[in-house]
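Notes for the one structure printed next.
The values are calculated or read from the model by the stated rules, or taken from the named source; none is laboratory data. What you are looking at is a predicted structure, and each value in this text was computed from that prediction instead of being measured. So basically every Cβ, Gly included, is an ideal-geometry build from the backbone, and we count neighbours across all protein chains shown. We work out accessible area using only protein heavy atoms, side chains counted, and drop any ligands, DNA or RNA first. Shrake-Rupley method; radii C 1.70, N 1.55, O 1.52, S 1.80 Å.
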Amino acid sequence: MLIYPQFNPVALQLGPLSVHWYGLTYLAAFGLFMLLGIQRLKHQPYASLQGPQAWSRRDVEDILFYGVLGVVLGGRLGYCFFYKPLHYLSHPLEILQIWTGGMSFHGGLLGVIVALVWFARAHHRPWLQVTDFVAPCVPTGLAAGRVGNFINGELWGRFSPPDLPWGMVFPQSGSMLPRHPSQVYQMLLEGLLLFVVLWLYARKPRRLGEVSAAFLVGYGVLRFTAEYFREPDAFLGLLSMGMSMGQWLCVPMVLVGVLMWRWAQGQPLPGARAH
């Protein structure tokens, strides 16, 4: 049985300025996106596009800018209205208090979708071509975020069997019984495993929308699975059918991914000749 090591959430103190580990994981996520985006430019169909439709490093930088706005605004609004709508409708000014914590992946995803629509319109590119470009570059950022959750000692797991070798006691949970380190599970599943699968899949030419669909289905299934090991939010508990809010939010995500996949099968492969 392991004991949570109680990390100091502050990585660096510069006078009155505190640099938190969680903030550094966000910076790491954005940096990883930039590095992977530059490598993604070498994949098809992006490497072969010419003229006004050609992709460049500047596009990656612009997508990162739009994406940061989408992640922060969407993630915060998603948490407020998916998880605590009555509280934040009664205290709307608290929505702006991002430093108090509270971000939602599914809200961040919706924010990024809106941001990528904005980018696609501004740069006159097909929206699904943009989302296909972005999808394989996202999971490493998700992994970095879960590392931040672990350092903060938050989002711990459900109780584990006493003999589980990696079962971990989180004293801040109010119990000294071992729990699943669900932050680590999510880092490995939704982060590293999803990244490897999507990156290898996206290296070959794919039909428009296929990579985006693979991301939606892959993340939805892996997150749904990980939620069985994660302690539900105390103020929500388990909802109908014994599922958590995170699981219910994954259901439409997977359904949309499946429908998008089926639609994509009717699209031509890049470089295929018309008959």
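Quick rundown of the values:
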| item | result |
| --- | --- |
| Residue among V134, G220, M176 farthest towards the positive dipole end of the stretch 126-236, charges placed on Cβ | V134 |
| Backbone N within the stretch 126-162 under 15 Å of label point (7 Å from L35 Cα along the Cβ vector) | 137-145 |
| Cα gyration tensor shape of the stretch 182-275, rounded if a/c is under 1.5, else prolate or oblate by comparing a/b with b/c | oblate |
| Accessible surface, per residue, of the chain when the full set of protein chains is kept, probe 1.4 Å, Å² | 53 Å² |
| Option label - volume of the Cα convex hull per residue in Å³ computed here, alternatives [x] 120; [y] 156; [z] 132 | [y] |
| Selection from L49, M260, Y22, by position along the positive dipole direction of the chain (Cβ) | L49 |
| Simple Cβ-charge dipole of the chain, Lys/Arg +1 and Asp/Glu -1, about Cα centre, in debye nearest 20 | 860 debye |
| For the chain, share of DSSP beta bridges that run antiparallel, in % to the nearest 5 | 80 percent |
| Packing rank of 60-68, 106-114, where each peptide gets the mean count of other beta carbons within 10 Å, highest leading | 106-114, 60-68 |
| Packing-based order for 70-83, 161-174, using average beta carbon neighbours within 10 Å, highest first | 70-83, 161-174 |
| Sulfur and carbon atoms: percent of accessible area, the chain [1.4 Å] | 70 percent |
| Farthest toward positive dipole pole in the stretch 1-113 [+1 Lys/Arg, -1 Asp/Glu at C-beta], among I63, G111, I38 | I38 |
| Span from the the stretch 71-149 Cα centroid across to the the stretch 191-224 one, whole angstrom | 19 Å |
| CD proxy at 222 nm, helix term only [per DSSP H run n ≥ 4: -39500 (n - 2.57); per residue of the chain; nearest 500] | -17000 deg cm²/dmol |
| Convex hull per residue volume in Å³, alpha carbons only, for the stretch 79-125 | 87 Å³ |
| The chain: DSSP helices with Cα axial extent of at least 27 Å and average Kyte-Doolittle hydropathy no lower than 1.6 | none |
| The stretch 112-204 shape via C-alpha gyration tensor axes, a/c threshold 1.5 | prolate |
